[in-house]
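Undergrad: Let me begin by handing over the structure; questions about it come next.
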Amino acid sequence: MLSYFTKTCAALGLVLAAGGVLADNGVTDKAIVLGQSAALSGPASALGTAMRDGALAYFESVNAAGGVNGRQIVLTTLDDGYDPTRAGANTAALVDKEQVFALFGYVGTPTSNAALPWVGKGIPFFAPMTGAQSFRAPFDRNIFNIRDGYAQETEKIVEHLEAIGASKQIAVLYQNDAYGKAGLEGVTQALKKRKLAVFATASVERNSTDVAAAVARMKAAAPRAVVMISAYKSSAAFIRAMRKDAASVPFFWNVSFVGSRALASELGPEARGVMISQVIPSPWDDKLGVVKEYRKLYLTKSGREADYASLEGFMAAKVFVEGLRHVKGEPTRKNFIHALETMGAYNLGGYTVTFGAGDHNGSDYVDLSIITEGGKIMY
């Protein structure tokens with residue numbers, strides 16, 4: 001069976017053959033080609049697969065209706081296994097070989113960081129699934145975020161813990177890479193603002209579930225709450241071990257990147273009571289227009305379940321297409337960036353994204369959720 005990438009490229013070859021290349025790479029009179037590196041395998045694969053599939057659900061509906069000004073949106077996705085070395089090689093292939101118009105929907109901080117050398121050459125980098133400050137400041141005109149940052153998520157978590165009297169004993173379990181350290185810095189700054197310090201820290205390596213040392217360290221410290229900045233498999237392993245043979249357990253918090261549905265599935269009944277900050281609306285809140293649209297298009301394929309990651313991919317695709325529709329003249333990268341900066345507030349249907357000439361952080365939405373009985377996520 002052909003791989004997803006091979007099938008996509010085969011289809012792309014037919015599209016490119018039908019029209020001559022215009023001003024910028026990745027654009028013909030029949031197609032606009034985007035490149036994505038994401039984890040389709042390994043311990044973060046649930047996030048990468050969902051982000052891709054959510055985006056495709058929207059792009060496919062646009063293509064079925066004739067595309068954008070007659071051009072089909074083609075998304076070429078390469079698997080990086082949540083490994084920044086592979087993500088860098090993928091980006092080189094996407095930009096230098098496949099010659100994509102833009103990089104779209106990368107999943108994770110270290111893997112997104114790996115793309116920055118190409119972004120610095122003028123390639124738009126749109127809607128990465130990361131809240132790291134490195135994609136927000138200093139300002140980079142090629143980077144567009146549709147989600148708020150980890151600093152804002154961790155501030156919201158600390159604010160909640162302060163309200164229940166637990167702010168003096170907040171510990172952090174962090175993934176030992178750029179993602180984990182970005183979240184640790186967020187908690188540190190939120191506590192510093194309150195003249196407090198992180199109570200205890202422990203780390204886990206990326207793509208590992210070896211949490212024994214971290215669990216021993218945290219059990220000895222006995223914090224009131226642990227904020228986890230790690231992937232869903234390592235977070236689940238940590239929570240499970242912390243609860244084993246424990247007289248008392250802390251409050252467990254994650255930031256949005258953990259993948260709420262993936263974490264709940266990984267933990268099963270032990271997920272109850274785990275809390276997660278969110279940067280997009282609930283995928284079960286079909287009172288919102290964007291969620292209703294997402295559920296209608298995404299859940300048409302059997303075996304799919306609604307989740308935050310696929311909704312984020314869907315929303316990213318929707319904003320990207322809206323930007324293309326606002327382009328005046330040919331869809332060059334320069335014109336696309338200008339269109340995003342000048343199209344004004346875009347209401348997707350209960351979630352608004354706004355970009356400006358000096359501000360590409362499209363949203364300041366942050367909410368809190370909790371996993372309840374049966375793995376349900378309440379908000």
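Undergrad: Going highest first, how would you order 200-207, 211-218 by mean Cβ packing within 10 Å?
TA: Answer by packing, highest mean first, reads 200-207, 211-218.
Undergrad: Taking the Cα centre as origin and putting +1 on Lys and Arg beta-carbons and -1 on Asp and Glu beta-carbons, what dipole magnitude results for the chain, to the nearest 20 debye?
TA: In total the dipole reaches around 400 debye.
Undergrad: Still on this structure, please answer the following. Per-residue counts of other Cβ atoms within 10 Å, averaged by peptide: what ranking do you get for 85-97, 132-144, 148-160, highest first?
TA: In decreasing order of mean packing, 85-97, 132-144, 148-160 become 148-160, 85-97, 132-144.
Undergrad: Can I ask one more? Rank THR91, GLN133, GLN72 by how far each Cα sits towards the positive end of the charge dipole of the chain (+1 on Lys, Arg Cβ; -1 on Asp, Glu Cβ) and give me just the farthest.
TA: Farthest towards the positive pole: GLN133.
Undergrad: Shifting gears a bit: Take peptides 315-324, 281-290 and line them up by average Cβ neighbours within 10 Å, highest first, as a rough protection proxy.
TA: 315-324, 281-290
Undergrad: Follow-up question, since we're still on this one. Is the shape of region 175-227 rounded, prolate or oblate, going by the alpha carbon gyration tensor and its root eigenvalues a ≥ b ≥ c, with a/c under 1.5 for rounded and a/b larger than b/c for prolate?
TA: oblate
Undergrad: Relative to the compact globular guide of 2.2 N^0.38 Å, what is the alpha carbon radius of gyration of region 293-379, as a ratio?
TA: After normalising by residue count via 2.2 N^0.38 Å, the value is 1.34.
Undergrad: Could you list TYR365, TYR174 in order of exposure, starting from the residue whose Cβ has the fewest other Cβ atoms within 10 Å?
TA: TYR365, TYR174
Undergrad: Quick check: convex hull of the Cα atoms in region 40-132, volume per residue, rounded to a whole Å³?
TA: 97
Undergrad: Another question about this same structure. Build a GNM of the chain with springs between Cα atoms under 10 Å: which of LYS301, LYS328, LYS192 gets the top mean-square fluctuation?
TA: The residue that fluctuates most here is LYS301.
Undergrad: Turning to a different aspect of this structure: Distances over 25 Å make up what percent of all Cα-Cα pairs in region 96-198?
TA: More than 25 Å apart: 30 percent of the Cα pairs in region 96-198.
Undergrad: Okay, moving on. In square nanometres and to one decimal, what's the mean projected area of the convex hull around the Cα atoms of region 150-278?
TA: Working: hull surface 27.4 nm².
Quarter of the Cα hull surface area: 6.9 nm².
Read-outs throughout are calculated quantities, based only on the coordinates presented, and are distinct from any laboratory measurement. Everything quoted here is computed from the prediction, not taken from an experiment. Methodologically, a virtual Cβ is constructed for each residue, glycine included, from the backbone with ideal geometry; neighbour enumeration extends over all protein chains shown.
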